[in-house]
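Structure first, then comments.
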Amino acid sequence: MLRFEAKTFGAIGFFLLLVGCSGTDSKVSDDDSMSKKERREDKLGKMFGDDLFLFGGDEQRQQQAEGGLGVNYYLWRGALDTVSFMPLRSVDPFGGVIISEWYTPPESPSERLKVDIVILDRQLRADGVRVSIHKQKMAKSGWQDTFVDPKSFAEFEEAILTRARQIKMNNVKS
């Protein structure tokens, strides 16, 4: 008797699942009376309202238009231009991270610098970029970490922001 009930409930559950997934009043048709966007919305459906599609939507299209960057284009280009004199170890345009290799300035061969840049926002904002600078000096026992003036971080960030603004202004004029 118990076995029969489990099979019955299983069959009823399966039936309800099939009925729930069966045809709806879908407005998808072969005629051209609906726009491409309407047909896509009807096929994919919306998961959380008008602005978020289950399988991508306006945000995905915007990222594709920006070349697939996950961060602000102008900040990204400004950061790359600012560290263009240094060899780069890692560059992640989706996460907005740029990590340089150690760089030894020609005027001071006993020092070396390394820069880490993180783009924090998709907007061109003053707080949209964070810079970390690592500095080492040669000692008898090898490279030793040294103090980096906090003003250096702010100056480097300002150089990136200035370059980003220049790139944006050049694009607006074009």
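Structure notes:
- Accessible surface of segment 94-174 [probe 1.4 Å, protein heavy atoms]: carbon and sulfur percent: 53
- Under Karplus coefficients 6.51, -1.76 and 1.60, residue-wise ³J(HN,Hα) of segment 105-110 in Hz, glycine/proline x: x, x, 6, 9, x, 8
- Dipole of segment 70-129, positive end: most advanced residue of TRP102, GLN123, ALA79 [Cβ charges, Cα centre]: GLN123
- J(HN,Hα) series, segment 83-91, from Karplus relation 6.51 cos²θ - 1.76 cosθ + 1.60, nearest Hz, glycine and proline x: 9, 5, 7, 9, x, 9, 8, 9, 9
- Anisotropy class of segment 96-174 from Cα gyration tensor, a/c 1.5 cut: prolate
- Inter-site label distance for THR146 and THR104 at 7 Å from Cα along Cβ, in nm: 1.4
- Distant-in-sequence amide contacts of LEU120, defined by a placed amide H-H separation under 5 Å and a gap of 5 or more residues or a different chain, comprise VAL129, ARG130.
The values are calculated or read from the model by the stated rules, or taken from the named source; none is laboratory data. The shown structure was predicted, so the numbers you read here are calculated from the model rather than taken from an experiment. Glycine gets a Cβ as well: all are built from the backbone with ideal geometry, and neighbour counts include every protein chain shown. The protein model used for the area step is the full one, side chains on, heavy atoms only, and it has no ligands, DNA or RNA in it. Shrake-Rupley method; radii C 1.70, N 1.55, O 1.52, S 1.80 Å.
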